[in-house]
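Below you'll find the structure, written out as structure tokens, and then a few comments.
The values are calculated or read from the model by the stated rules, or taken from the named source; none is laboratory data. Owing to the predicted nature of the structure, the values given are computational and were not obtained by experimental measurement. Backbone-built Cβ (ideal geometry, glycine too); neighbour counts: all protein chains shown. The area values use the complete protein model at the heavy-atom level, side chains included, leaving out ligands, DNA and RNA. Shrake-Rupley method; radii C 1.70, N 1.55, O 1.52, S 1.80 Å.
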There are 4 protein chains.
Amino acid sequence: MTRRTRVLRLPTAGPQDTAPLAAAIAAGDVDARSIVAIVGKTEGNGCVNDFTRGYATLALKLLLAESLNCPLAEIEKRVAIVMSGGTEGGLSPHLLIFCREEVSSPAPAGPRLAIGVGLTRPFKPEEIGRAAQIEDTATAVTLALRDAGISGPSDVHFVQIKCPLLTKERIEEAARRGAVTATADTYHSMALSRGASALGVALALGEIGEAPEEAVCKDWSLFSRVASTSAGVELLRNEIVVLGNATGWAGDLVIGHDVMSDAIDADAARRVLANLGGETVAVLAKAEASPTGEIRGRRHTMLDDSDIHSTRHARALVGGVLAGAIGDTMLYVSGGAEHQGPAGGGPIAIIGRV
Amino acid sequence: MTRRTRVLRLPTAGPQDTAPLAAAIAAGDVDARSIVAIVGKTEGNGCVNDFTRGYATLALKLLLAESLNCPLAEIEKRVAIVMSGGTEGGLSPHLLIFCREEVSSPAPAGPRLAIGVGLTRPFKPEEIGRAAQIEDTATAVTLALRDAGISGPSDVHFVQIKCPLLTKERIEEAARRGAVTATADTYHSMALSRGASALGVALALGEIGEAPEEAVCKDWSLFSRVASTSAGVELLRNEIVVLGNATGWAGDLVIGHDVMSDAIDADAARRVLANLGGETVAVLAKAEASPTGEIRGRRHTMLDDSDIHSTRHARALVGGVLAGAIGDTMLYVSGGAEHQGPAGGGPIAIIGRV
Amino acid sequence: MTRRTRVLRLPTAGPQDTAPLAAAIAAGDVDARSIVAIVGKTEGNGCVNDFTRGYATLALKLLLAESLNCPLAEIEKRVAIVMSGGTEGGLSPHLLIFCREEVSSPAPAGPRLAIGVGLTRPFKPEEIGRAAQIEDTATAVTLALRDAGISGPSDVHFVQIKCPLLTKERIEEAARRGAVTATADTYHSMALSRGASALGVALALGEIGEAPEEAVCKDWSLFSRVASTSAGVELLRNEIVVLGNATGWAGDLVIGHDVMSDAIDADAARRVLANLGGETVAVLAKAEASPTGEIRGRRHTMLDDSDIHSTRHARALVGGVLAGAIGDTMLYVSGGAEHQGPAGGGPIAIIGRV
Amino acid sequence: MTRRTRVLRLPTAGPQDTAPLAAAIAAGDVDARSIVAIVGKTEGNGCVNDFTRGYATLALKLLLAESLNCPLAEIEKRVAIVMSGGTEGGLSPHLLIFCREEVSSPAPAGPRLAIGVGLTRPFKPEEIGRAAQIEDTATAVTLALRDAGISGPSDVHFVQIKCPLLTKERIEEAARRGAVTATADTYHSMALSRGASALGVALALGEIGEAPEEAVCKDWSLFSRVASTSAGVELLRNEIVVLGNATGWAGDLVIGHDVMSDAIDADAARRVLANLGGETVAVLAKAEASPTGEIRGRRHTMLDDSDIHSTRHARALVGGVLAGAIGDTMLYVSGGAEHQGPAGGGPIAIIGRV
């Protein structure tokens, strides 16, 4: 038996819309047991009060629990579900369903899309955004690479991580034990957790030599070229999905990536497309407003806008840049790119069919 | 003496920022008397309660009145000032200063950027959005072409029009005379006025054979490939600025245009760039959310978003598409493209240096 | 056995938060079988892209299905769930759980809070916002009154209705049969459905003599003083919950109401409080921006704000007015008050403990 | 000759609308030379990118410069202009024109509305939000009291201060001199400047015994019951307007105040109204979202809302509370109440006619 990664890109009519996936399962096109990760874009604002992520996740869990005839809580252990809110500009809501199947055909000679998953232990509140999170993430990424049979860092093209954040309750629980968390600001804890997780990826892949905790959300010269991290309230561990190319995998999918040096670096996408050739199956990228307030010397207004959050502007912008280069708006563009690509830029990965 | 069009693209630090223009005038780089039009992007929302347009316009009038030593009211007659609100995504606030100068050097052999200005008579409220506005605009565009010495429609590349809208007072004034306006909805009157003005351009340039008033904001198969229209409360006439290429003009600027068939049609921009060659001096484009709710078959969420107006999403998106293709975010991207390019698309014009 | 209406007002920590209700059920404080209606406020924008209503509804259905050991679809038939999005200003998210219990104690001499529920038949798309919806709603309200044992219209104090809206699919289905719907604008269909439903209430209670369909969202002189209607995509019938006082009911709750003549009419709330006396258990009110653009001769800016929808401003305002009068922010204030109270005003009902 | 304070409350049709004031000047109703302060509400968001404040200020300066036949820059020295953005909920845009006139009639026996103005020296960037700003403000407030002839702190009812903020340029200018500013975050500098200014008022009036700079925006137990402070980029000094009652002043106006203990404390307004009696001429209040996340034990969602800034929610809420109590929406409700009233509450002052 040979492993094979399948990726379904399914449009959704709203955060609650699981009908396309239900249809694929009902038609026997997808075996629900093979689903290891779901990554999606939903219609919310992608900020603090974005309930579309939770709504979409609940709807997916319900479908999978029914399909697998298991309790809801079981699904969380089987499938990493990462919802990114915000379909600003032209971004089109959709789900990427990652399946790990076993097929009888032998693997082709060349490398194919490989997927590995990993988990850290649960973090204590005071570990979030600090050395413990960086280091345990690095360890778990290394294990996930091994799980995927990816031979080395140069074959890794995207590492999606879902990481925890601090809540008032968690901060207080730590305080009762005499522990002090990295921040008392729950919103800022999202950035710290994303940043520490991204540094963990960079450390695991040898992109940086060391990742001191003092660098988290401070030293932007340290970053990963493949990390994409997203903080959520519903977990205390880091959940890791590694995408790369490896021999020994079947199927017709491969993945490539590059780094956008700034938000309008369409050339990065064009380079990935040129390398991959073939049909584009999925696009994953990160976006953020340049912290200098400028893009190639031109002032932008994203950071001074009190009506629309800068992450919303950034997703709309990068979505437009990529849609212009790729000719499609069904793109996973996620905001908040701390240590994920250079300041103001971010990674872009494309899965294509050979 | 030979005519020459100069274009200055000046960044602004806010809607009130006239310092760069003041400096250019003080340095003798620009003669305030030569300024015939100012087109700019400001930081507002570009919708009903966007006061940044009025603020920028007032600040510019103050500067020019001081420079020319004339009353504020005089400036309105001398200079067409068109401010477009909304710098969503990465769009960078700036002013385009159009000067019509007289130089002693002879005109070069080839055509150069020519600018013509025109005015209709003041419209009665009941004429806005109707045949009178379409036809008088067509006549004034024809005269503005002649003013610019542009030999024919194929040499016209952008027609910027500022047109009136209906207010409660104007609707009531008409009612007292027994006249009924095209709409009682002041917001909708902006679309009707923009649409009728764009059809007037299309008629003048022979892009369409006839423009019945029933077609305004209804029959989207009728449109101009070069019109860019913008409604404002401060005038009752249509003010027209025609940009094209013509022999007999000096300088080193030329203009080209194309039509984006949808919001992500970056190829249209690439074609214009390829035709022009040389340095890009200014970019002018229109944006709108596809009324079908889809872009190339993918659902977009712009029209269902009650937090961010669809015109804001559309500017961010088209700004990203063009910034990715052109490598610059200092772009004049304006929303509300009724009969300005096909539904969901719009004109794109670029001024370049030969 | 005597009937008794119980009302639990439960705070929520988010749209997904069913923990307080689950705890009440687990503690035996509430019998899940007795729940006939749930009315709540959630954190969304209360406009087109408000997914918090659906999320809260799904979470409640899951809890009740588990508690009652029945399928999700069964819950829709047992319980009317009406979620109103938008907790602007100080409004505090919460649920009102209405239970209809049987108790062995005899009914007290005086009238007590009575609850009746009703359903119309499913409407065809072309009936929404028209005479059929008005008339069938009137009939169903009359039956719901009888169900509650309320002796006459003067004892009715609040009629909450959940009504359908038009979608593109529904409009097209009608068109295939040659039928024309009342509007082609899905957003506007929400107003028409709310308006026709409110007129149905007014007709049933004799508040107006007749309710011609031409009056829907046109003739604001026709309105109900107790109707509160809310449109949702998930149903095709009108679901009706009538609250009033009636003899033959046990318990210690009573209800009163009045009409706010405009958005700042705090006196209306004070009159209800004075009549009821005792502890306040729940407050239900409707809010809308005065369509004249003025409140008591002062201009408001709600209708010209392209950043914040007028219904959001209106809820914040009425929430403040009522919180100042009542001393509590846990108020059900819902937007969109077509034919529900006079233009710019709306009904206010309070449930109190005797 | 006797001094007399006049207050005109003028509605505006937009930030640029100076017509009502121009008409009052033209009619001889107001002598432009007597205007010492203008306080107003404009339609913007009241946050970082609120350009309506600057627009209104520029329009007023233009009118006054023309009326007084003096340069624009002169107006800044003559008149304290404080614009507060944000007319959320029902708040009605308006201007309060404060005139200090000389009349021949003798002063009445009782105290009347007195107005005093003051100025600190310009602050260095590193002094903003620190002891120097606190102490110099206290000194200037004391002098403004003397200017107004107010006999003691108990006769002071509102102290409006316009204070500077930090910009990148100012922070860098300090850095070049080796000085470190209180914050590197320009947005946060607004809060620090408002807070330090409010503590200066509290110190001057003996409301607190000492005001250490460590307390600024940290120790909320220290606050003034009459301070209302507002930060703006256009000045480096603190401009102070003191309103109180004093003998020796003519006219028929008096002022009273109280403190709202939380955002829904309508009783505070009712107490002021009861004390004053007579016609209400102007209402001035501060609003903020309770930093605990609760109002009287009920959760609010203002601090978690990424679509609408908490200051906007707070103004809408307090505007509703006061409109319900006073019966008018033409209220000056300003956001950002650091050390101005207790946490979550704020001062409320009313000017009435005897």
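In the assembled protein chains, residue A:187 presents an accessible area of approximately 100 Å² (probe radius 1.4 Å). For chain C, modelled as a GNM whose springs connect Cα atoms under 10 angstrom apart, the maximal fluctuation among C:211, C:22, C:263 occurs at C:22.
Apolar share of the accessible surface for chain C: 51 percent from carbon plus sulfur atoms, 1.4 Å probe. Rounded to the nearest 20, the Cβ-based charge dipole of the protein assembly as shown about its Cα centre (Lys and Arg +1, Asp and Glu -1) stands at 0 debye.
Compute the relative contact order of chain C as a whole-number percentage, counting only Cα pairs closer than 8 Å that sit 6 or more residues apart in sequence. Walk me through the intermediate numbers first.
Details: 871 pairs, mean separation 77.6, N = 354.
Averaging sequence separation for qualifying contacts and normalising by length gives 22 percent for chain C.
Could you give me D for segment D:121-200, from Stokes-Einstein at 37 °C and 0.692 mPa s, where the hydrodynamic radius is the Kirkwood radius over C-alpha pairs? Units µm² s⁻¹, please. Value of D from the Cα-based Kirkwood radius: 245 µm²/s.
Only Cα pairs under 8 Å and at least 6 apart count here; give the relative contact order of segment D:1-96 as a rounded whole percent. Could you put the intermediate results ahead of the total?
Details: 134 pairs, mean separation 41.2, N = 96.
Normalised by residue count, the contact order of segment D:1-96 is 43 percent.
Under a Gaussian network description of chain B, with springs only between Cα atoms under 10 Å, the residue in B:183, B:139, B:301 that fluctuates furthest is B:301. Between copies, how far apart are the residue A:354 label points? List them in nm, one decimal, shortest first, with each point 7 Å from Cα toward Cβ, please? Inter-copy label distances (nm, one decimal, shortest first): 5.3, 8.1, 9.4. Here the mean projected area of the convex hull built on the C-alpha positions of segment B:1-67 is 5.1 nm². Of all aspartates and glutamates in the structure, those lying under 17 Å Cα to Cα from residue A:124, and not within fewer than 8 positions of it along the same chain, are A:135, A:136, A:169, A:172, A:173, A:185, A:213, A:234, A:239. Amide H to amide H, with H built 1.01 Å from N, residue B:260 comes under 5 Å of B:346, B:348, counting only residues 5 or more places away or on other chains. Computed with the Debye formula from one identical point scatterer per Cα of segment C:74-178, without solvent, the log10 of I(q)/I(0) at q = 0.16, 0.17, 0.18, 0.20 Å⁻¹ comes to -0.97, -1.05, -1.11, -1.22.
Take every Cα-Cα pair in chain C and report what % of them are more than 28 Å apart. Looking at chain C, the distances longer than 28 Å represent 39 percent of pairs. On a C-alpha basis, how far is the centre of segment D:17-41 from the centre of segment A:21-66 in Å? Whole number, if you could? About 61 Å separates the Cα centre of segment D:17-41 from the one of segment A:21-66. What separates the residue D:149 label point from its copies, with the point 7 Å along Cα to Cβ, is 7.3, 7.4, 9.5 nm, written shortest first. Over every Cα atom in segment B:1-141, the radius of gyration and the widest Cα-Cα span, Dmax, amount to 16.8, 48 Å.
Can you show me the helix-derived [θ] at 222 nm for chain A, built from DSSP H runs with n ≥ 4 at -39,500 (n - 2.57) apiece and divided by the number of residues, rounded to the nearest 500. Working shown, then result.
Details: 8 runs with 106 residues, N = 354.
Taking each H run of at least 4 residues, the total per residue is -9500 deg cm²/dmol.
Once the trypsin sites (Lys or Arg not before Pro) in DSSP loops with at most 15 neighbouring Cβ atoms within 10 Å are cut out of chain A, the longest remaining piece is A:1-176.
Any of B:77/D:77; B:61/D:168; D:41/D:61; B:218/C:286; A:61/C:286 with alpha carbons more than 26 Å apart? Name them for me.
Working: B:77/D:77 33 Å; B:61/D:168 29 Å; D:41/D:61 16 Å; B:218/C:286 36 Å; A:61/C:286 36 Å.
From B:77/D:77; B:61/D:168; D:41/D:61; B:218/C:286; A:61/C:286, over 26 Å: B:77/D:77; B:61/D:168; B:218/C:286; A:61/C:286.
Taking only the C-alpha atoms of segment C:281-347, the Rg (one decimal) and the largest Cα-Cα distance, Dmax (whole number), read 11.8, 36 Å. Couplings 3J(HN,Hα) of segment A:8-19, computed from phi: 9, 9, 10, x, 10, 8, x, x, 8, 7, 10, 4 Hz, in residue order, whole Hz [Karplus 6.51 cos²θ - 1.76 cosθ + 1.60, θ = phi - 60°; x for Gly and Pro].
The phi-based Karplus calculation (6.51 cos²θ - 1.76 cosθ + 1.60; θ = phi - 60°) puts the 3J(HN,Hα) values of segment C:221-234 at 6, 9, 7, 9, 8, 10, 7, 9, 10, 8, 9, x, 7, 8 Hz, whole numbers, x for Gly and Pro.
The rule of thumb for compact globular proteins, 2.2 N^0.38 Å, goes into the C-alpha radius of gyration of segment C:225-307 1.44 times.
Computed from label points 7 Å out along Cα-Cβ, the spacing between residue D:13 and residue C:27 is 5.9 nm. A Cβ-based charge dipole, computed about the Cα centre of segment B:57-147 with Lys and Arg at +1 and Asp and Glu at -1, lands at about 120 debye.
Build a GNM of chain D with springs between Cα atoms under 10 Å apart, and of D:266, D:109, D:191 the one that fluctuates most is D:109.
Using DSSP to call loops (not H, G, I, E or B), can you name the chymotrypsin sites (Phe, Trp or Tyr not before Pro) in segment A:200-276 whose Cβ has at most 16 other Cβ atoms within 10 angstrom? Could the numbers behind the result be given before it?
Working: sites: A:220, A:223, A:249; in loops: A:220, A:223.
Sites meeting the loop and neighbour criteria: A:220.
Phi angles of segment A:57-64 translate, via the Karplus equation with coefficients 6.51, -1.76, 1.60 and θ = phi - 60°, into HN-Hα couplings of 5, 4, 5, 5, 4, 4, 4, 5 Hz per residue; Gly and Pro are given as x.
Can you give the accessible area buried between chains B and C, summed over both chains, with a 1.4 Å probe, in Å² to the nearest 100? Buried surface at the B/C interface: approximately 900 Å².
Inter-copy label distances at residue D:274, shortest first and taken from points set 7 Å along Cα to Cβ: 1.6, 8.0, 8.1 nm. Once both labels are positioned 7 Å from their Cα atoms along Cα-to-Cβ, the gap between residue D:270 and residue D:218 label points is 4.0 nm. Considering only chain A, the C-beta nearest to the rotation axis that sends A to D is found at A:307, 4, the distance in whole Å. Return, ordered by residue number, the residues of segment C:235-251 whose backbone nitrogen is under 20 Å from a label point located 7 Å along Cα→Cβ of residue C:179. Answer for segment C:235-251: C:235-239. Each distinct pair of alpha carbons in the protein assembly as shown adds a 1/r term; the inverse of their mean, the Kirkwood radius, is 33.8 Å.
With both bridge residues required to lie in the protein assembly as shown, what share of the DSSP beta bridges run antiparallel, to the nearest 5%?
Working: 180 of 252 bridges.
Percentage antiparallel, nearest 5: 70.
Would you work out the relative contact order for segment D:124-269, in percent, from Cα pairs under 8 angstrom that are 6 or more residues apart? It would help to have the intermediate numbers written out before the result.
Values: 256 pairs, mean separation 53.8, N = 146.
That works out to 37 percent.
Each part gets one Cα centre, and for segment B:194-234 versus segment D:301-321 those centres are 42 Å apart.
Plugging the Kirkwood radius over Cα pairs into Stokes-Einstein for segment D:173-311, at a temperature of 10 °C and a viscosity of 1.306 mPa s, what D comes out in µm²/s? If you can, show how the numbers build up before the last one.
Values: Rh = 18.0 Å.
Once the numbers are plugged in, D ends up at 88 µm²/s.
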